[in-house]
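The values are calculated or read from the model by the stated rules, or taken from the named source; none is laboratory data. Predicted model, so just to flag it, every value in this text is computed and none were measured. All Cβ positions, even for glycine, are placed from backbone atoms using ideal geometry, and neighbour counts span all protein chains on display.
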Amino acid sequence: MPRLHRCTLDWTTLLRRISPKPPALSLLILCGLIPFITEPATAQTTDPTAGQEPTLFDSAQQRTSVAVVDAAQWLDQFFYDEAISQEENRTRIRFELSSGYTRFEEFEIKPKISGRIHLPNLNKKLNILITAADDEEFSADDNPISALPRHQGAENREISAALQYFLRESPLENISATLGASFDYLYAGIRYRRSHDLDSWQGRLVNRLNYYTDDEWEDKISYEIWRPLGEKWIFRTKATVTWHVEEDGLPHSLVFAMFQKINDEKALRYEIGNYFDTEDSYEMTDLQFRVRYRQRFLRDWLVLEIAPQVGFPEDHDREVNPGIIVSLEADTGNLAGTKVFPRIFNF
């Protein structure tokens, strides 16, 4: 007998069917859906497995899914992945002091303060975001030791503050809106994240649309998949595309990364980054090989990172460009008693 399908289509199902499209289309889709997002429909459905005891296969699948998600969160927190840090709904301030050098850049030392202040008495879904950094800030995820294609990403901001409001929070979806300002500009943005299972893999789509009064529209879309390889390894592939209204090209990247847990206090991340741009003509702008070593340093809230790298940038005729960054990071705020932070050093 053919299987009957529900006629009711809720917004969660609709969002699940949305696949990454060219930036302009994704902007229209997200902006059009946000005002109408409601809770999923409550229509009664019949679960074919209701009342049945879970099989050994079902239990194994559930344990695998939990292990994949927990391991990914641990690594995202350990390496401070933006996809996770943007969804924290608690007070946390991070102090960073980094020194960096490459063959084509001078040696520099730069501080940075970033964080969020949770306002539970005002609204449980509201946070204040603050950032204070050098206007040419760098890290292992930015220039001159770049994890992004040349010219990709918004211009670095010196000092800014913003309000972030979470429209939806769930393991599968997260939607938030941001309104902020600096001395020279105002900005507003909306961020959408969708996670899903791919058998033994986990997938995550993130779309972040911002408008700056000085630089106008920018849309950044990323999609990544990952899976564990044994007890101490995780493999991840991440593709990123950035569109900017004032740029002719469409810079994008494809990064392959392998995470290794050494012990409860140390971890390694091996990366191969391929970076491209379509401006003038389609070309690879850089090829980078990087190793990032991080460990707990003296205190649970203090982390040391050493990130050597070698690149072959197109704007220097593919000449070898070795470099290194050394950084020290300190976290303060509402860390005690949280589920994620203690696992940074307890995989």
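Odds and ends about this structure:
- Highlighted here are the strands (runs of 3 or more DSSP E) found entirely within segment 182-236 that include at least 1 residues which are within 30 Å of residue 262 (Cα to Cα), in contact with a Gly (Cβ under 6 Å, 6 or more places away or on another chain) and without any contact (Cβ under 8 Å) to a residue 40 or more places away in the chain: 216-228.
Matching residues to (1) among the basic types (Lys, Arg); (2) loosely packed, with under 15 Cβ neighbours inside 10 Å; (3) touching a Ser or Thr at 6+ places or on another chain (Cβ under 8 Å):
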residue	(1), (2), (3)
234	no, no, no
242	no, no, no
277	no, no, yes
289	no, yes, no
295	no, no, no
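- Pick from segment 88-121, criterion of a type in the set (A, V, I, L, M) and under 19 Å from the mean Cα position of the chain (by Cα), ranking: surrounded by the most Cβ atoms within 10 Å (Cβ to Cβ): 93
- Selection within segment 85-124 - part of a loop (DSSP other than H, G, I, E, B) and modelled with pLDDT of 85 or more: 103
- Output for segment 297-307, where each listed residue is assigned to a strand (DSSP E or B) and either crowded, with 16+ Cβ neighbours inside 10 Å or of a type in the set (A, V, I, L, M) (or both): 300, 301, 302, 303, 304, 305, 306, 307
- Filter result for residue 269 (crowded, with 20+ Cβ neighbours inside 10 Å and either in contact (Cβ under 8 Å) with a residue 40 or more places away in the chain or not in a strand (DSSP E or B) (or both)): yes
- Hey, residue 276 closer than 30 Å to residue 296 by Cα and either over 16 Å from the mean Cα position of the chain (by Cα) or assigned to a strand (DSSP E or B) (or both) or not: no
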